[in-house]
Structures are given as C-alpha cells and as structure tokens.
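Notes to accompany the following structure.
What follows draws every value from the coordinates through simple rules; no lab data is involved. Source: prediction; values computed, not measured. Every residue, glycine as well, gets a Cβ built from its backbone with ideal geometry; the counts of neighbours run over all protein chains shown.
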Amino acid sequence: MIDGRPWFRFMDRLYSPLPVHDLDPSMVAELCELRLEFMDELIDETIYAKVAHQLREAAAERIAAADAGPVVLDFGTGDGRFSRTLATRLPNAHVLGCDISFASLRRSRPKGRVFQISTDGDIPIGNSRMDLTVACFVLHFTLPVRAFEELHRITRGGGHLVVNTYGPGGVRSRESVERTGWKVVGERDVPDIAGHRILAFQKRPG
C-alpha cells in the first residue's frame, strides 16, 4: 500500500498502480522504458531462456523449408534481444523489429532494422508483407484489438503469428487474436515453467 492504495509488483522490482494486464498502451510504454534501466536485475534468465527457446523453435516450424528469404517481424522487440537470437535461428530470414517504446528501439537500432508503432495499434507496413510474426513476452499486457487486426492485415495468406502467453493478459490476448481472424494451429506448454504456453496462429490462405 502507498498512500492508502494498492500497487502491483511486476518483475519483482517494479510497481504499477494497476495490474499489468490492465495498463493502457501509453502506461505499458512507460513501464517498459523504466524496465530498461534495471533489465539485468529484473530478468529471470532461467525462465527467459526456456520460454525463448520454445518460442524460437515454434517459429522455425512455421517457416517452410522451401521459403527463400521469409520476412519475420519481432513484435514488441524491446531492446532487440529476442530478434537477434531469432535471426541466428532463421539465418535466411529478414528479421524486423517494432515496439511502442522509442527508448527501447534506440538500444536495438544499431543491431537490426526496427521501427516504432503507435499506442493505438497501427503498424506502418503494407498489406500481406509478413510471412511470420513472433511476440516474446508481450501478450501478458492487454493489447488493443486494433494491433491484432493490423498484424492480420500485414501478414500474407497462410502466414503465422507465434506467441508466448501467461497470466490474465495472455487469456485476453488470445481471445482478441481469435476474434480478428486468426486460427489456432499449434499450442503447447513450456516445459518446467508453470502457466507459460506457446501458441501458433495462422491467417487463412488465399
């Protein structure tokens, strides 16, 4: 309690006036920028490594072996940590990153191609450009439905969205994804990490 009101702990060290799954996008951006200052202290490397490994492998399964130079978007790239390992796992892919936090993108810009997106969910990419989008530790926040509509729009027919989910925000995000035209085509638990799941969605071919 602070001044008689509850605050909610996030990643053990940060506190928010609302549960993280109830924050609006501008507050999410502010929290993510604050997190940058303490990243080395906040991340549980064991959990991150296990979830990121499962997510990378699930993403790789959705890229056909015959695909030449698939275009992959790391949605909510933050400082680019996951996109760099994704590029290593998919060496023939063109990996892009986007985030609502400009401070995060300033950290990743020297290491990859990135761009900022607005808090209302608009994505400045043309129709049917992406073969695959991956979101690593993003969907515990409740995103605008518009964001999932935009991801659907920029993805080619038959393309995929692969994410990890946990907590109430993950449940809400899954519902939003399915409402915007995506079909679940894969689902599995992350071994030894309770409550974490990997979901794969596909845009209808054609």
At 0.36 nm per residue, minus the direct Cα-Cα distance, what do residue 178 and residue 102 gain on full extension? Give it in nm, one decimal, please. 24.5 nm
Which of rounded, prolate or oblate describes the stretch 67-117 when judged by the alpha-carbon gyration tensor and an a/c cut-off of 1.5? prolate
Among all stretches of the chain without exposed chymotrypsin sites (Phe, Trp or Tyr not before Pro) (DSSP loop, at most 15 other Cβ atoms within 10 Å), which one is longest? 39-206
Sum -39500 (n - 2.57) across every DSSP H segment of at least 4 residues in the chain, then divide by the residue count to get the 222 nm mean residue ellipticity, nearest 500. -10500 deg cm²/dmol
Let a ≥ b ≥ c be the square roots of the eigenvalues of the Cα gyration tensor of the stretch 68-152; is it rounded (a/c under 1.5), or, if not, prolate (a/b larger than b/c) or oblate? oblate
Need the full-extension length gain, residue 204 to residue 47, defined as separation in residues times 0.36 nm minus the C-alpha distance. One decimal, nm. 53.3 nm
Below 8 Å between Cα atoms, with a sequence gap of 6+, how large is the relative contact order for the chain in percent? 19 percent
To the nearest 20 Debye, how big is the dipole of the stretch 50-206 about its Cα centre, given +1 on the beta carbon of each Lys and Arg and -1 on that of each Asp and Glu? 280 debye
Once R0 is set to 30 Å, what does the formula 1/(1 + (r/R0)^6) return for the Cβ-Cβ distance between residue 189 and residue 88, expressed as a FRET efficiency to the nearest 0.05? 0.75
Note on the stretch 45-203: alpha-carbon gyration tensor, axes a ≥ b ≥ c; rule is a/c under 1.5 for rounded, else prolate if a/b larger than b/c, else oblate; result rounded
Estimated FRET transfer efficiency when R0 is 30 angstrom, pair residue 22-residue 68 (beta carbons, to 0.05): 0.10
Of 203, 50, how do they rank once you tally other Cβ atoms within 10 Å and put the fewest first? 50, 203
Going by alpha carbons, how many degrees (0 to 90, nearest 10) lie between the helix axis of 145-154 and the longest principal axis of the chain? 20 degrees
Can you sort 85, 133 by how many other beta carbons sit within 10 Å, fewest first? 85, 133
Residues 138, 145, sorted so that the one with the fewest Cβ neighbours within 10 Å comes first: 145, 138
